[in-house]
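Remarks on the structure that follows.
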Amino acid sequence: MSFQAYIDNIKTKTGKSPEDFIRLAEEKGLLQHGKLLPTTKASQIVAWLKEDFDLGHGHSMAIFALFKGGKKESDK
């Protein structure tokens, strides 16, 4: 599955866009100014997304990659 397909599926399942997840992560103290804090671990992101949005590991890691800046929403 392409990165964009992961993002599209997440939006379909949760109704949330990548920008929504960035805002929510900032509110939770996991990001600051759209960037991951040095203390934020992938496991924290995965646990949060599984608990609050019922996302699986792969979809949660796609959001983590987006937060890290390794992928952009339009990357395929």
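The values are calculated or read from the model by the stated rules, or taken from the named source; none is laboratory data. All values derive from a computational prediction rather than experimental measurement. Positions of Cβ are backbone-derived with ideal geometry, glycine not excepted, and every protein chain shown enters the neighbour counts.
I'd like the residue in the range 21-40 that is over 15 Å from Ala65 (Cα atoms) and under 11 Å from the mean Cα position of the chain (by Cα) and, out of all such residues, is surrounded by the fewest Cβ atoms within 10 Å (Cβ to Cβ).
If we take residues in the range 21-40 being over 15 Å from Ala65 (Cα atoms) and under 11 Å from the mean Cα position of the chain (by Cα), then Arg23 is surrounded by the fewest Cβ atoms within 10 Å (Cβ to Cβ).
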> Does the range 26-47 hold any residues that are farther than 24 Å from Ser2 by Cβ and either part of a helix (DSSP H, G or I) or in contact (Cβ under 8 Å) with a residue 40 or more places away in the chain (or both), and which are they?
Replying inline: Glu26, Glu27, Ser43, Gln44, Ala47
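Residues are listed down the side, and each one gets a yes or a no for (1) modelled with pLDDT of 95 or more; (2) of a type in the set (A, V, I, L, M, F, W, C):
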site: Asp20; (1), (2): yes, no
site: Glu26; (1), (2): yes, no
site: Leu30; (1), (2): yes, yes
site: Pro38; (1), (2): no, no
site: Gln44; (1), (2): yes, no
site: Ala47; (1), (2): yes, yes
site: Phe53; (1), (2): yes, yes
site: Ser60; (1), (2): yes, no
site: Lys72; (1), (2): no, no
> What are the residue pairs meeting all of these: first residue in the range 50-62, first residue within 14 Å of Lys16 (Cβ to Cβ), second residue among the aromatic types (Phe, Trp, Tyr) and surrounded by 11 or more Cβ atoms within 10 Å (Cβ to Cβ), Cβ atoms under 8 Å, and 6 or more apart or on different chains?
Replying inline: His59/Tyr6; Ala62/Phe3; Ala62/Tyr6
> Right, Ser17: exposed (fewer than 15 other Cβ atoms within 10 Å of the Cβ) and within 23 Å of Ala5 (Cβ to Cβ) or not?
Replying inline: yes
> Under the condition of being over 13 Å from the mean Cα position of the chain (by Cα) and free of Cβ contacts under 8 Å to residues at least 40 places away in the same chain, which residue from the range 2-14 is surrounded by the most Cβ atoms within 10 Å (Cβ to Cβ)?
Replying inline: Ala5
